[in-house]
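Chemist: First, the structure itself, so that you have it in front of you.
The values are calculated or read from the model by the stated rules, or taken from the named source; none is laboratory data. Just so it is clear, the model here is predicted, and its values are computed rather than measured. Positions of Cβ are backbone-derived with ideal geometry, glycine not excepted, and every protein chain shown enters the neighbour counts. Remember, those area values only see protein heavy atoms, side chains included, never the ligands or the DNA or RNA. Shrake-Rupley method; radii C 1.70, N 1.55, O 1.52, S 1.80 Å.
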Amino acid sequence: MVSVKSVLCSIASLYLACFSLFLLVDVYARPTNNSAAKRDKSAPGRDENEIQPPDHVNGLKLEKRGNLNKDFHQEVFLGKEIEEFEEDSEPVKNRKKLISIFEKVDSNVDKRISASEMQRWIMEKTEEHFQQAAKENKQYFRTVDPDGDGQVSWDEYRIKFLVSKGFNEKEVMEKIKNNEELKIDEETQEVLDNLKDRWFQADEHPANHLLNEDEFLAFLHPEHSRGMLTFMVKEIIRDLDQNGDKKLTVSEFISLPVGTVENQEAQDIDDDWVKERRKEFEEVIDADRDGIVTMDELVEYMDPMNEYSALNEAKQMIAVADENQDHYLELEEILKYSEYFTGSKLMNYAQSVHEEF
């Protein structure tokens, strides 16, 4: 016969088990606290690699590895306002913001945008990116200049970089001080070697192996220095040049990335990628249309403050939406092609012209 005590114990055990299961399910069923997980993009130290030159630079036509900047048109049209379109996808608000931008670009208030007006606007938005990079650079420079003497040595930077990668600061400092070998994985060492080349390239004449704030800005953002922009172009050509002649043919430019295509969808993506690169090479980068892109041509193409390039870019942007072929952009046209200019597709664009403008 089962005792009352054993029955009570069994009931208690079952209750505890059920309660524990309830707690477990409750914890995993709760929605994630996204607000806590989001990073503050404006705060210093938001990313462990902030003190490393970024692969992507706003307003630059090519990425660090030679890939086309897919957001280039939006970056030079929206400037710092690009984040507003990214964060707020509500069509009505985006439409109003786009109309406001149209009015700013239309400096002579004739209700259409000319190539020269678009060129001026592109230069202004590019300057905004420059100013933002310089502002952020002040924060990053303070991070790598702990003694505040206004100059940073390669060793000071190397320590901060390795700490951002999870290395122990005391241990790294001690080994560097004693000229001892650092146990670094192959990938990190390769990154460091490339950064070191870039570091000494940013050290302007007379070289003292130290970077001041302006030189550190050029180190992080090559678009701020003609010399560093040229260095970046050399790296891109080195990565793409297959025959070692330090020039690029269209076949070399469209041969990246190397990979296998496993299905039709991937093949379509790959084909689109090749078409985009071929078009950019033949219609924009190859200025003299001889089928070869030299280092000088690529530097001019990459220079964000090149007024001639800005004018060409303005003409191309207008041509995309210029449905009546009058070489101007009207509000109706820019609203219809809003996705090209802002990344945001607006609906009822024609109706909005009558409602808002």
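Chemist: Quick check: with the 1.4 Å probe, what order do Thr294, Thr126 take by accessible area, largest first?
Modeler: Thr294, Thr126
Chemist: A further question follows. For labels at Glu180 and Asp193 in the simple 7 Å Cα→Cβ model, what's the distance in nm?
Modeler: 2.4 nm
Chemist: Heavy atoms of the protein only, probe of 1.4 Å, neighbouring chains included. What is the accessible area of Asp55 in Å², nearest 10?
Modeler: The accessible area comes out at roughly 90 Å².
Chemist: Suppose R0 equals 45 Å; then what is the FRET efficiency for Ser153 and Gln316 from their Cβ-Cβ distance, rounded to the nearest 0.05?
Modeler: 0.55
Chemist: Here's a follow-up. If you average the alpha carbon positions of region 271-330 and of region 119-147, how far apart do those two centres end up, in angstrom?
Modeler: For region 271-330 versus region 119-147, the Cα centre distance is 26 Å.
Chemist: Please compute the length gained on full extension between Val274 and His205, using 0.36 nm multiplied by the number of residues separating them and subtracting their Cα-Cα distance.
Modeler: Here the answer is 20.8 nm.
Chemist: Taking the Cα of Asp241, stepping 7 Å toward and past its beta carbon, and measuring to each backbone N in region 214-234: which are under 18 Å?
Modeler: 227-234
Chemist: Moving on to the next point. Which links in Lys70/Lys177; Lys70/Lys93; Lys64/Lys345; Lys234/Lys275 stretch past 32 Å when you go from one Cα to the other?
Modeler: Table pairs above 32 Å Cα-Cα are Lys70/Lys177.
Chemist: I need the peptides 192-198, 204-210, 314-320 ranked by packing, meaning the mean over residues of other C-beta atoms within 10 angstrom, with the highest value on top.
Modeler: 314-320, 192-198, 204-210
Chemist: Per-residue accessible area for Val92 at 1.4 Å probe radius, Å² rounded to 10?
Modeler: Accessible area, nearest 10 Å²: 70 Å².
Chemist: Evaluate E = 1/(1 + (r/R0)^6) for Glu127 and Met173, where r is the Cβ-Cβ distance and R0 equals 51 Å; express this FRET efficiency to the nearest 0.05.
Modeler: After rounding to 0.05, the efficiency reads 0.85.
Chemist: Hey, could you grab the Kirkwood Rh for region 48-151? Inverse mean 1/r over distinct alpha carbon pairs, Å, one decimal.
Modeler: 16.0 Å
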